[in-house]
Each structure stands twice: as C-alpha cells, then as structure tokens.
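Take a look at the structure below.
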Amino acid sequence: MKLNAVLCGCGAMSKGWLRAIKETPALAEAIKVTGLVDVNPAAAEALAAEFGLSGAAIGTNLSAVIATAKADIVFDVVIPTARFNVVSTALKAGCHVLSEKPMATSLTEGAALIDLAAETGKIHAIIQNRRFISGVRRMRRFVELGAIGELTGIHCDFFLAPHFGGFREDMDNVLLLDMAIHTFDAARYVAGKKPLAVYCIERNPKGSWYRHGASANATFEFSDDVVFTYRGSWCAEGERTSWESQWRLVGSRGMLTWDGDDTFSAAVAGEETGLLRGFAPVNVPEPERDEETHGHASVIAGFVDAIRTGKRPETVSSDNIRSLAMVFGAIESARTGKRIEISA
C-alpha cells in the first residue's frame, strides 16, 4: 500500500526530492504525492504540472492539505525559519516527517521537535543526503576496516563561489548554517565519534556578495582524541573544490585523501630507512551496499523502510541534532571567540 505524501515548500530544492521519487522505481511504487503546500500557490501549481501531479491537493494551509490529501507523511522543504511550525503541525496531524537540513534554527527548537516526535510516536528524520554518496560511504568503510590504523584526524577544505541569489545571500552565518552542516555531518559519520567541543573563526571576506558569514575555519574535538578541521568559503572565486569538500583522513599507520569527486588515494608507512620511511599504497574498497549511495533517494528509501519496519532511520532527528549542535557550537565560538563545549 502506498504512503500518501504532502510536500511542503515548492521552491527549487523540492525538485530534487520529487525527481528522486520519480526516477527510483521502488520509491515511485511506495509513495504517492497527494498534496503540495506553498505560500505561493502558483509555485505549487507549476511543480504539479512539471511532475505530473495533476490530482494533488494544492494550498497554503498545511493542516488543511494534510486532511484533504489523507497524508501519511510530510516532506518538509521550507526555509529554515518556517521549519519548526511545519514539522510541529505535521507531527501533531499524525504524519511522519522527513525534513530538509538544518533540522531547526536552534538547539532548543530541535530538542522540542525530538520530544514531539516521541510523544506522537512518529518518525522525524533529516535528509542529510551528502552522507549517502559513494565517496562518504567508502571513507566510513575504510575507517572501519582499520587499513590506516586508528583514526586521529579528519581535515576538510571547501572553497566555492556560488551566486545563488534569494534567501541565502541575506542569511546570518550562511556557510556554517546552510552548507557546512553537510561536511560536519559527514565527518561525524565517517569518524563514528561524538563531537565534544569546537573553536571557530567566521568572517565575511572582502568581495563577498553574502550579507554575513561566507567563510569559516573550525577545529572540532571528537571523542577518542580525534580532531576534525574545516576550512571553507562560499565566496572563493577561482579554482574550486568539490561541493563535497576535499578530505584527508589521518590514521596511526597511514592516510587517505579524497578529492570529493572520483579520486581516492591511500597509503600506509613504508619500510625505507632514514628520515622519511616512504609509503605503500592501499586499496580503497567500494561501498558494500550500492543502494545506500544515491543521495536523496537513499535517505527517502531509509525513511520509508523505517515507517514500515519500525526501525530507526540513520538520519533520525534524535541523532542528527548532534550535527546541528556542531553548527551552533561553531557559530557560538565565532561570536564569543571562545572554545565551546558541545553537549548534544
């Protein structure tokens, strides 16, 4: 039996969600989009026409559309400031919710949504699609195999110059809040460690077309003495990195690098004598489960499976709040100039 879904927020990002459902046979079989909600009804109507959703209920009031569409689930693709009301309304209406990131605009709101999901007995998960790509899954598996010994450090560079227009260019802490959370969440996943503290410097560099916080440099302390560093900018014109960042994993026996695209390189210590001992290349195996490497589609599939089986989805909000805590810890550190402990 198909799950009826209402999609709330019909802007550009919603197309990635609908495309994933339409182009993935198992999801197309499992989900029927029966409602679209947006403050601009014309945007919802255009989306319905583009994706052949002629029978979907369309409106500006989420509660009303949930009722008309007989929704089982709500896909929350609204701007962050609207997220708390949308998720609260959907959970109270008896719907499971899959949200865009960040899961909330504060840790207090995030904790309240986790509590509400528990009270209503519904699943609330976050579409952290970047951890569901082949490169990130390969790094996690490589760490688990112990090929470079015990993990000691993760180091990521992110330098691009996207001219989005729209709400991002007027956001506070735009890089940390809207983009860096992808890398933070992926680093937490790859390490398999708990974030403990952060020190961060945030700037809006000369030439930036963003209003606030287009660059950041952060050092995180993870459990078991693992360090994660992040250097990033969203107004860095010139030769760019991947959207997935450039990665270097350092272990007690060797290192792995990933360019964020297709190139992996790994090596352990060699046996040469002298100051530098050389190195021996190591193979980086492919992910074991291909179905976990399809971004949006993989997250949505895991969400549907959790609804049907009762098991906890990987990106459930009660876990994802730790990634949100990394973001707000970095923002607080940048604001105060102090090392901030992370308690989530």
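The values are calculated or read from the model by the stated rules, or taken from the named source; none is laboratory data. As the structure is a computational prediction, the values presented were derived from the model and not from experiment. Neighbour counts run over all protein chains shown; Cβ positions are idealised from the backbone, glycine included.
Restricting segment 67-86 to residues that are outside any helix (DSSP H, G or I) and within 19 Å of LYS15 (Cβ to Cβ) leaves a set whose member that is modelled with the lowest pLDDT is ILE79.
Okay, residues lined up against (1) under 19 Å from the mean Cα position of the chain (by Cα); (2) closer than 30 Å to THR293 by Cβ; (3) modelled with pLDDT of 95 or more:
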| position | (1), (2), (3) |
| --- | --- |
| TYR199 | no, no, yes |
| GLU202 | no, no, yes |
| TRP209 | no, no, yes |
| HIS212 | no, no, yes |
| SER233 | yes, yes, yes |
| GLU237 | no, no, yes |
| ARG240 | no, yes, yes |
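Run LEU276 past the list (1) part of a loop (DSSP other than H, G, I, E, B); (2) crowded, with 19+ Cβ neighbours inside 10 Å; (3) not basic (Lys, Arg) and report the number of the one that doesn't hold. It is condition (2) that LEU276 fails. Quick check on segment 121-155: of everything there that is surrounded by fewer than 23 Cβ atoms within 10 Å (Cβ to Cβ) and part of a strand (DSSP E or B), which residue is farthest from the chain's Cα centre (by Cα)? Applying the filter and picking the extreme gives THR152.
Scanning segment 89-110 for residues that are in a helix (DSSP H, G or I) and farther than 21 Å from GLY310 by Cα yields THR89, LEU107, THR108, GLU109, GLY110. Here ILE58 meets the list (1) surrounded by fewer than 24 Cβ atoms within 10 Å (Cβ to Cβ); (2) β-branched (Val, Ile, Thr); (3) within 24 Å of the chain's Cα centre (by Cα) almost entirely, failing just condition (3). A single entry from ALA67, ALA104, ALA90 fulfils the requirement of being surrounded by fewer than 18 Cβ atoms within 10 Å (Cβ to Cβ) and either hydrophobic (A, V, I, L, M, F, W, C) or in contact with a Lys or Arg (Cβ under 7 Å, 6 or more places away or on another chain) (or both): ALA67. For segment 308-318, a residue qualifies if it is surrounded by fewer than 19 Cβ atoms within 10 Å (Cβ to Cβ) and part of a helix (DSSP H, G or I), and the qualifying residues are ARG308, THR309, SER318. Flag not set for GLY35, criterion: crowded, with 16+ Cβ neighbours inside 10 Å and assigned to a helix (DSSP H, G or I).
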